[in-house]
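To start, the structure under review is shown below, and the notes come after it.
The values are calculated or read from the model by the stated rules, or taken from the named source; none is laboratory data. It should be emphasised that the depicted structure is a prediction, and the values quoted were computed from it without experimental measurement. So basically every Cβ, Gly included, is an ideal-geometry build from the backbone, and we count neighbours across all protein chains shown.
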Ligand SMILES: Cc1ncc(C[n+]2csc(CCOP(=O)(O)OP(=O)(O)O)c2C)c(N)n1
Ligand SMILES: [Mg+2]
């Protein structure tokens, strides 16, 4: 089993230095390219510094290791931060970061893609990375049954995407306690303040209503982040976790901190020099956090204990697994009525009453009574995406071990 190693090896003073390095490198890479999102990277630098040094169980030399944790930047535009992380763990050189970022034909694209061996899924279209993460977490819990965790970084403006809430819905229904969402609440989106600004209580209420466990932290307090990340790894629970972090966009450089108008803009060279000076200069730390321990697939988890209410029925514990509900042919589930089985794809409803002209499109259900609901397509889409992005060998392995 992968063990949780709270606050073991790298001290928080060193983590603070690393966070400064991540900010400096985010500024340097985007300024060198003349494009990119340094301020979006700077708000999440402390979160990532704590994560990669103390909590992400990952063997950077073996990115295909099945027991590795997964790190998904749903806010893929913060690629300067992700690539600065790659430099900090020693898999990308300083030369590549400064001369390859956002350059034509190079692999450090403006938004991360699986061309890079440490990237699971391409992100950048806001609202996609979390559903992808749900797919990976579903695979981890129900198919591979391995103890890895899936860490997903989301922006706050991104939380306005409906797919984010579909993802939360499915994550809690399938009890994905192996999913940890880091929400970077820096108040600002692309153009001005988000609807909820720094109203963290409102975010927390919404997330809890969708079945998540929420841990609210100051996203620049390393000790608080560390504590929350330790608590988040208690996968014995049955809920996905959100680390709801209050942050400051552009944190670390006073000329842009918390200021509107700096989204998606590289600092001009003179400002970049001042930023690097304010952040304490260029550093070249190479640090790695805990590696995962080898693991065998665990026992098949029990079915979700609560089946949501359907029209004309009551919510509550059910003796039958959820896929015993009527399934459409598009989502054929295994016919056996007891677990073990792959997770249930909630294909409630039937195409019976759908107009013929719409039968080729994804089915929908809910109050109108036909087909599969938009929300229920979320897990299916995420799972499909996760499989598509997985290397072929691993995909085959998954099929072979389908329980
Ligand atoms: C679906 C989609 N719509 C719009 C964009 C353009 N876009 C890129 S970043 C961004 C704002 C993101 O703000 P937030 O989620 O708050 O992240 P931050 O940069 O503040 O960390 C927008 C609208 C996009 N990438 N994807
Ligand atoms: Mg924001």
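Taking residue 121, is it in a loop (DSSP other than H, G, I, E, B), in contact with a helix residue (DSSP H, G or I) (Cβ under 9 Å, 6 or more places away or on another chain) and over 29 Å from residue 244 (Cβ atoms)? Judged against the criteria, residue 121 is not a match. The residues of segment 247-270 that are over 22 Å from residue 196 (Cβ atoms) and without any contact (Cβ under 8 Å) to a residue 40 or more places away in the chain, listed by number, are 254, 255, 270. Evaluation of residue 156 against the conditions (1) more than 16 Å from ligand 1 (Cβ to nearest atom); (2) within 26 Å of residue 266 (Cβ to Cβ); (3) in contact with a strand residue (DSSP E or B) (Cβ under 6 Å, 6 or more places away or on another chain) shows that the sole unmet condition is (1). The residues of segment 30-49 that are farther than 21 Å from residue 261 by Cβ and out of contact with any strand residue (DSSP E or B) (no Cβ under 9 Å at 6 or more places or on another chain), listed by number, are 32, 49. Contact map, segment 62-83: first residue under 13 Å from residue 155 (Cα atoms), second residue surrounded by fewer than 22 Cβ atoms within 10 Å (Cβ to Cβ) and at pLDDT 95 or above, Cβ cut-off under 6 Å, separation 6 or more or different chains; pairs are 76/111; 76/124; 79/111.
When we screen 130, 126 for residues that are assigned to a loop (DSSP other than H, G, I, E, B) and within 16 Å of ligand 2 (Cβ to nearest atom), the only hit is 126.
Can you go through 194, 241 and tell me which one is in contact with a helix residue (DSSP H, G or I) (Cβ under 7 Å, 6 or more places away or on another chain) and more than 21 Å from residue 146 (Cβ to Cβ)?
Numbers: 241 fails: more than 21 Å from residue 146 (Cβ to Cβ).
Just one listed residue meets the conditions, 194.
Under the condition of being buried (at least 24 other Cβ atoms within 10 Å of the Cβ) and touching a strand residue (DSSP E or B) at 6+ places or on another chain (Cβ under 9 Å), the residues counted in segment 186-196 number 1. Can you work out which of the residues in segment 140-163 that are touching a helix residue (DSSP H, G or I) at 6+ places or on another chain (Cβ under 6 Å) and part of a helix (DSSP H, G or I) is nearest to residue 176 (Cα to Cα)? Within segment 140-163, the match that is nearest to residue 176 (Cα to Cα) is 143. If the condition is being more than 16 Å from ligand 2 (Cβ to nearest atom) and under 10 Å from the mean Cα position of the chain (by Cα), then segment 150-167 contributes 150, 151. From 130, 108, 138, which residue is closer than 21 Å to residue 62 by Cα and either surrounded by fewer than 18 Cβ atoms within 10 Å (Cβ to Cβ) or at pLDDT 95 or above (or both)? From the options 130, 108, 138, the qualifying one is 108. Taking the criterion of being free of Cβ contacts under 8 Å to residues at least 24 places away in the same chain and more than 15 Å from the chain's Cα centre (by Cα), the residues of segment 102-134 that qualify are 104, 105, 106, 107, 115. Residue check: residue 91 meets all listed conditions (1) in a loop (DSSP other than H, G, I, E, B); (2) buried (at least 24 other Cβ atoms within 10 Å of the Cβ); (3) away from ligand 1 (no atom under 16 Å from the Cβ) but one, namely (2).
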